[in-house]
Each structure stands twice: as structure tokens, then as C-alpha cells.
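Here's the structure we're looking at; comments come further down.
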Amino acid sequence: MSEGADITTAKEAADHRLILAFGRLQGAANRLEYILGRALEEECGISHLTFEVLLILGRAGEPGLPMRAIAQEQVLTTGGATRLVDRMEAAGLVERTEAPGDRRGRLVRLTPLGAETAVRASGVHLENIRRYFLDPLPAEDRERFAEDLRILSHAARDVLPRLP
């Protein structure tokens, strides 16, 4: 019998231990996203999503990444990724270049300002991660929690359809 087969009322649904646990995870993620994202905006002038793209491109190195790869990493449509990269390019954080061996292909890579912004924002972000994400947890549970999040993230990523 499935886990939810015994739920017969809205109250039972709302109080189910797994539904509560997932709701707490989602609530914590949303609140942390707001707190950490706001700090990046106030202290560095970039959104959290922009910061994440800077990190993706920093991880990729030269010569950069195609738009589709950026979209896939951030679970964006290619149109959404294009609009974001357009704004980042206008701000001088990224540039588009020709893909080696593909005359029509374009890659996105960090500019020196983009790399500098990623480094500066990382300092702010790490301080806030420690303050709001790690410090509330018991020290002995932090590594296991981080590993559990990695497992969940990869499991969810692997279920998502790949962009064409």
C-alpha cells in the first residue's frame, strides 16, 4: 500500500510527515534564496541567478559554454537563458564568441569584469551561507547534510528531460 493511501482528510494531508518534511525543505530553500539573493543584489549589484551563471561559466573555463548548456544547468528555457545572458552581456559580465570548429555556433564566456564579480560575490555569498545555512545546524551534521543535498540534487537532475 502506498504512503498516502491512509490520508482521508485535508488535515491528515497537511500533517503527513513526508509532506511536512518536503514543505520545510521548500520553505527553507525559498527563504534562504531570498536572504542570500538580496545580499548579492545589495552588496554586489547582481541577482542570485546571475551569480549562478557566473559560477557555471567560471567552472567551464575557456572557451565558454553554449546557451543550451547554461539553460540546462539552471533549468531555464533557452529563451530565458538568452535574455539573461543579454542582460549580463550589456553589464559587461560575459561575452559571446565563436565556437571553435562551428561557424554558426556561439559560446558564452566570462569577461574579466565577470570573473572579478564572481570572486567578489563569492565572498559575500560564502559569509551568508555560513551564517544562515551552516551555523543553525549542529556541527556534527553539516557534512552529511551537504552530501544528502548533493544526492537529492543529482537524483532530481537525472529525472529532468534534457533540452534538445
Note to self: Condition check: under 30 Å from P161 (Cβ atoms) and of a type in the set (S, T, Y). Does T50 satisfy that?
What the structure shows: yes
Next item on the list: Find the residue count for segment 1-58, including only residues that are charged (D, E, K, R) and not in a helix (DSSP H, G or I).
Entry: 2
Check: Inside segment 2-43, can you point out the residues that are β-branched (V, I, T), open to solvent by 70 Å² or more (accessible area, probe 1.4 Å) and touching a helix residue (DSSP H, G or I) at 6+ places or on another chain (Cβ under 7 Å)?
Finding: I19
Margin query: Please verify whether R144 is out of contact with any helix residue (DSSP H, G or I) (no Cβ under 9 Å at 6 or more places or on another chain), within 23 Å of H48 (Cβ to Cβ), open to solvent by 100 Å² or more (accessible area, probe 1.4 Å) and part of a helix (DSSP H, G or I), treating the condition exactly as stated.
Written below: no
Margin query: So the check is Cβ under 9 Å with 6+ separation or different chains; which pairs have a first residue in segment 88-109 that's of a type in the set (S, T, Y) and a second one that's at pLDDT 80 or above?
Written below: T97/P63; T97/G64; T97/R106; T97/L107; T97/V108; T97/R109
Checklist line | Residue in segment 77-109 that is surrounded by the fewest Cβ atoms within 10 Å (Cβ to Cβ), counting only those that are among the small types (G, A, S) and in a strand (DSSP E or B) | finding: G105
Item checked: Number of positions in segment 106-137 that are farther than 17 Å from A60 by Cα and not hydrophobic (A, V, I, L, M, F, W, C) -> 10
Checklist line | Total residues in segment 60-76, condition on the phi > 0 side of the Ramachandran plot and buried (at least 16 other Cβ atoms within 10 Å of the Cβ) | finding: 1
Check: Mind checking whether some residue in segment 110-125 is over 18 Å from the mean Cα position of the chain (by Cα), β-branched (V, I, T) and open to solvent by less than 50 Å² (accessible area, probe 1.4 Å)?
Finding: yes
Checklist line | Any pair with Cβ under 8 angstrom, 6 or more apart, that starts in segment 43-64 at a residue that is over 16 Å from R83 (Cβ atoms) and ends at one that is among the aromatic types (F, W, Y) | finding: C44/F51
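The values are calculated or read from the model by the stated rules, or taken from the named source; none is laboratory data. All of these numbers come straight from a predicted model, not from anything done at the bench. Positions of Cβ are backbone-derived with ideal geometry, glycine not excepted, and every protein chain shown enters the neighbour counts. Just so you know, the surface numbers come from the protein's heavy atoms only, side chains and all, with ligands and any DNA or RNA stripped out. Shrake-Rupley method; radii C 1.70, N 1.55, O 1.52, S 1.80 Å.
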